[in-house]
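The values are calculated or read from the model by the stated rules, or taken from the named source; none is laboratory data. Quick caveat, the model's predicted, so the values are computed rather than measured. Note: ideal-geometry Cβ built from the backbone for every residue, glycine included; neighbour counts use all protein chains shown. Areas reflect the complete protein model, heavy atoms only, side chains present, ligands, DNA and RNA absent. Shrake-Rupley method; radii C 1.70, N 1.55, O 1.52, S 1.80 Å.
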Amino acid sequence: MRVQRCKGMRDLSPEEMKKFRLIEGAFRDSCLKWGYEEVKTPTLEYLHLFTSTGTLTPAMLGRVYSFLDWDGWSGERVVLRPDNTIPIARLYIDSMEEQKLAKLFYVSNAFIFEETGQKTRENWQCGAELMGVNGALADVELVMLAQEVLSKLGISKAELKLSHAGLIRAMLLELGLSPKERDEIFDRILDGDSKALSRVKPKGKEPKMALDSLLKLKGKSSGFLKNLRLQLSYNLPGLEKPLDDFINIVNLLEVLGCSYQIDITSSRGFEYYTGIIFQFFMGEEKIGGGGRYDLLIPLMGGKNIPASGFALYLDRLMNLIKPESSSQAKGQKILVRTKLDKPKAVKEGFSIASRLRQGGYVAQINLGVEGVAGFRWTLDVKEKAPQFILTDHKSGRSFKVQAWDKVLALLGEQGGDKDSTA
Amino acid sequence: MEIKIALPKGRLLGKTAALLDEAGWGLRGYYKDTRLYRLTSRRFSGLFLKVFQEKDVPIQVAVGNYDFGICGLDWVEELLVKYSSSALVKVKNLGYGAGVLYMVASRSAGVSTIEELKAKSGIIRIASEYPNLAESFASRYRLRQFSIFPLWGATEVYPPESADLALVPAGRGENFNYALAPLTEVLSFSAHLIANKSSWESKDVGDILATLYDSLDTYKEPANADKALMTEMTGGYDYGEVTGDTVWLALPDGHQQLPTAELLKKAGIEIDDYPSAIGNRRPTAKLAGVKIKVIRPQDMPLQVANGNFDLAITGRDWLMDHLYQFPSSPVRELLDLKMGRVKIVAVVSRDLPLGDINDLRRLAAERSVPLRVASEYVNIADKYARDNHLGMYRVIPTWGASEAFLPEDADLLIENTQTGRTIVKHNLKILATLFQSTACLIGSSLPSPNKAKRVNFIIETLRQTVEAI
């Protein structure tokens, strides 16, 4: 029987891993420089972390990988983490709550079932969470951090779409809906039903006007938001606070020269969002997103700690970065050849390969199957003098060398720059 | 072209038999308490039919062992709610065997809506034969912390002491036993014709289905052909007082009732109304501070692990199945009751040239499809296949009458046997004996200290009785 890969799971080939590490490297580098610290949470969590209102939408919950593990006699189900923010909030409550501010980042997978098995069910995310601080400045920092990473990767055309969960919630409240109806519509919006709001029949003239205006927000800028605030806040005071927050954020983004689109109907995401929702798109495809979730930590039993965060979707970014930005600098690779039946030469071969690696070169011992293609140099190791023959495949020249330090010196003279892949 | 159809045993058998009779299929041996599993039709020569436990039918159709099946929509939804990509098509509502799945609580618990229940703190325990539908209910209603207790049966006796909620089937308007109050309807169901997706898309069965559809117009559901969903229990029930030191004892239903009652009698523990002629699952004993429920032996280890019962009389087979699944469970065998002796065996078809498990391993390695291991003991079967390196295998859970699965619907069976006669009768043979099982008294390794005196009294009394036999 042929071996089979588990349905909906993907392998990452050497080529793909180069892209993966490049993205991860760019992301880690930025986060560390912005003062964020890396964490990792376990793959398994208890299911109940994700079940209460204000965590995952029921549609997402219906697609988690949950099961009874070896400890499951109490009926307590575990889950392959379907999301990274909730586990990080759990970690924060668990062991970091005493420190006021936590700036954390992660590179991690998340598992969500997808019916066809055509798309991957294991998704890699690079994310950052900012816990312990409220306000527009924190949200804008996260947007700018995400944008820095994208532009480092050469993804300059990503579109930033903004929405506001607090504004949607306030609007649903003004529409005179029951708590159950409000939750259902909010979930539908988050699950990607962009028409969910426009189907609502508002009770009253003011709410109807406000709703129409909100739906028309698409593509408009802060000026429109300010006009709207003026127009609505007198009759619908509940909208005032979220509108102010929204305006503060877009004002800051404008000051920072960051272009954006406002689109209330596009707000896909998580039930835990309470404020700004920001999403990055390349064409139709979402490549990352985040938002503010001030109620999540208290809901999970922690203190009243505000927080926001974002994640970039590694799997999707991998399709967007260009091969030249992922290919490594031209290799100064050296193939070290010895003869198996000449133990002294083998010993010397391992020893010089190790010195070459310390010197910054990629040195591979010939295992008997490699050709010289792809190698700049071959180094033949003999038992008798001259012990080394170094061949430069670029120039076609060969050099007889007696000692390993001479080999290094020669490589330096002939090769110039060293390989950077090590 | 052969068409394979899975038919239900049990609750829907009488009404399904009447419909197929009306359709003129000419089936021999499809009647109540039939001992035949494989049927043919006098009218359609290409038809092969097999009789299954109703809840096995959707699984058999979904995996492609059968092209069509007839079963209640409740079991179809129980599969689909968890495995939505199952290759299953709902072809036709046959209308008969209607019922409703209700989420119920005990009237004595004082909750009448889900919202009231959610307002209570702590873990909400839901007991059901439909664990997937129960879980879906819990997430749909956003219950924060909940535990699902999957059951083999006797669900109605669990609330309020052993579960907060129970998901139970009942006919519309049927009375609820044990003063249960429905909080909400979860699903209304009736018998359905279902099809395997690829069979439905590729096989022409127009003439067979036509006879079925035609007869639906004239079909009258025979009254009292099958038993009601919830057997009525006459009279009210006095729950009595339950305190923190009340000891809960679980006694088995089914064929272990008589020997169990006899043993208890010998031990001087007289139980009133056990076995019960009226389906009473709460018999009483003249033991101060001890309360009794009669439940399925299969369900006992999990219930004891969770502290819903302190002591239970079940089989070692079910204890092992539980412990193989949950090695950290606190359930322990306290006493071997030395009755109800059976062997747990690995069984294959006599038509296969297999002498021992090594031959089976070789066969599994040569095949291009996974080995199918059928068993009521899912975890014992899984461990056996794992320990014996059966390579790529799939465990098919069954709900009884497992011997009928071989040879066409499974390759290996893990089953219990007393004499081995049933196995021989079905042209099967025993490949290996896994272990001996007898009835045993089980309890928790973490007993509640304030119950210790009463618990120890029962253990000691039974120990002396067993030793005297």
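Among the residues of the stretch A:14-48, those identified as open to solvent by 50 Å² or more (accessible area, probe 1.4 Å) and within 14 Å of chain B (Cβ to nearest Cβ) are A:Y46, A:H48.
Scanning the stretch A:285-317 for residues that are more than 22 Å from the chain's Cα centre (by Cα) and part of a loop (DSSP other than H, G, I, E, B) yields A:L295, A:M300, A:G301, A:G302, A:K303, A:N304, A:I305.
Taking the stretch A:97-117 as the range and being surrounded by fewer than 18 Cβ atoms within 10 Å (Cβ to Cβ) and of a type in the set (A, V, I, L, M) as the test, only A:L101 passes.
Scanning the stretch B:314-365 for residues that are within 23 Å of B:A404 (Cβ to Cβ), touching a Pro at 6+ places or on another chain (Cβ under 8 Å) and either surrounded by fewer than 15 Cβ atoms within 10 Å (Cβ to Cβ) or without any contact (Cβ under 8 Å) to a residue 12 or more places away in the chain (or both) returns a single hit, B:D351. Annotation: B:S402 fulfils all but one of (1) modelled with pLDDT of 90 or more; (2) open to solvent by less than 60 Å² (accessible area, probe 1.4 Å); (3) not charged (D, E, K, R); the unmet one is (1).
Restricting attention to the stretch A:119-137, and to residues there that are under 21 Å from A:K19 (Cβ atoms) and polar (S, T, N, Q), which single residue is farthest from the other protein chains (Cβ to nearest Cβ)?
Of everything passing the filter in the stretch A:119-137, A:Q125 is farthest from the other protein chains (Cβ to nearest Cβ).
Counting only helices (runs of 4 or more DSSP H) that sit completely within the stretch B:10-112, those holding 1 or more residues that are of a type in the set (S, T, Y) and touching a residue at least 60 places away in the same chain (Cβ under 8 Å) correspond to B:13-22. What are the residues in the stretch B:116-134 that are open to solvent by 30 Å² or more (accessible area, probe 1.4 Å) and more than 8 Å from every other protein chain (Cβ to nearest Cβ), if any? B:E116, B:K118, B:A119, B:K120, B:S121, B:G122, B:I123, B:E129, B:P131, B:N132, listed by residue number. Restricted to the stretch B:365-383, and to residues there that are under 24 Å from B:Q325 (Cα atoms) and either aliphatic (A, V, I, L, M) or over 30 Å from the mean Cα position of the chain (by Cα) (or both), the residue that is modelled with the lowest pLDDT is B:L371.
Residues checked against (1) crowded, with 19+ Cβ neighbours inside 10 Å; (2) at positive phi; (3) within 14 Å of chain A (Cβ to nearest Cβ):
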| site | (1), (2), (3) |
| --- | --- |
| B:Q145 | no, no, yes |
| B:T155 | yes, no, no |
| B:D164 | yes, no, yes |
| B:Y178 | yes, yes, no |
| B:P182 | no, no, no |
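Determine whether the stretch A:185-199 contains at least one residue that is outside any loop (DSSP other than H, G, I, E, B) and of a type in the set (S, T, Y). The answer is no, given that none of the residues of the stretch A:185-199 is outside any loop (DSSP other than H, G, I, E, B) and of a type in the set (S, T, Y). Restricting attention to the stretch B:63-78, the residues that are within 16 Å of B:K197 (Cβ to Cβ) and either at pLDDT 95 or above or not assigned by TED's automatic domain parsing to the domain that holds B:K203 (or both) total 5.
From B:S121, B:S86, which residue is in the same structural domain as B:I194 (by TED's automatic domain parsing) and within 30 Å of B:R142 (Cβ to Cβ)?
On the way: B:S121 fails: in the same structural domain as B:I194 (by TED's automatic domain parsing).
Result of the check over B:S121, B:S86: B:S86.
Matching residues to (1) at pLDDT 95 or above; (2) within 14 Å of chain A (Cβ to nearest Cβ); (3) in contact with a strand residue (DSSP E or B) (Cβ under 6 Å, 6 or more places away or on another chain); (4) on the phi < 0 side of the Ramachandran plot:
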position	(1), (2), (3), (4)
B:E270	no, no, no, yes
B:P275	no, no, no, yes
B:N280	no, no, no, yes
B:P283	no, no, yes, yes
B:K286	no, no, no, yes
B:R296	yes, no, no, yes
B:M300	yes, yes, yes, yes
B:Q303	yes, yes, no, yes
B:F309	yes, yes, yes, yes
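Just one of (1) away from chain A (no Cβ under 14 Å); (2) more than 17 Å from the chain's Cα centre (by Cα) fails for B:G315. It is (2). Among the residues of the stretch A:51-66, just one is polar (S, T, N, Q), free of Cβ contacts under 8 Å to residues at least 40 places away in the same chain and facing chain B (nearest Cβ under 7 Å), namely A:T51.
Each row is one residue, and each column tells you yes or no for (1) open to solvent by 40 Å² or more (accessible area, probe 1.4 Å); (2) assigned to a helix (DSSP H, G or I); (3) farther than 23 Å from A:F310 by Cα; (4) of a type outside the set (A, V, I, L, M).
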site: A:L211; (1), (2), (3), (4): no, yes, yes, no
site: A:L225; (1), (2), (3), (4): no, yes, yes, no
site: A:P242; (1), (2), (3), (4): no, yes, no, yes
site: A:I247; (1), (2), (3), (4): no, yes, no, no
site: A:S259; (1), (2), (3), (4): yes, no, no, yes
site: A:R268; (1), (2), (3), (4): yes, no, no, yes
site: A:I277; (1), (2), (3), (4): no, no, no, no
site: A:F281; (1), (2), (3), (4): no, no, no, yes
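A single entry from A:D69, A:D11, A:D83 fulfils the requirement of being within 12 Å of chain B (Cβ to nearest Cβ) and among the acidic types (D, E): A:D69. Hey, does the stretch A:149-169 have a residue that's in a helix (DSSP H, G or I), open to solvent by less than 50 Å² (accessible area, probe 1.4 Å) and either at pLDDT 95 or above or not assigned by TED's automatic domain parsing to the domain that holds A:I276 (or both)? For the stretch A:149-169, residues in a helix (DSSP H, G or I), open to solvent by less than 50 Å² (accessible area, probe 1.4 Å) and either at pLDDT 95 or above or not assigned by TED's automatic domain parsing to the domain that holds A:I276 (or both): present.
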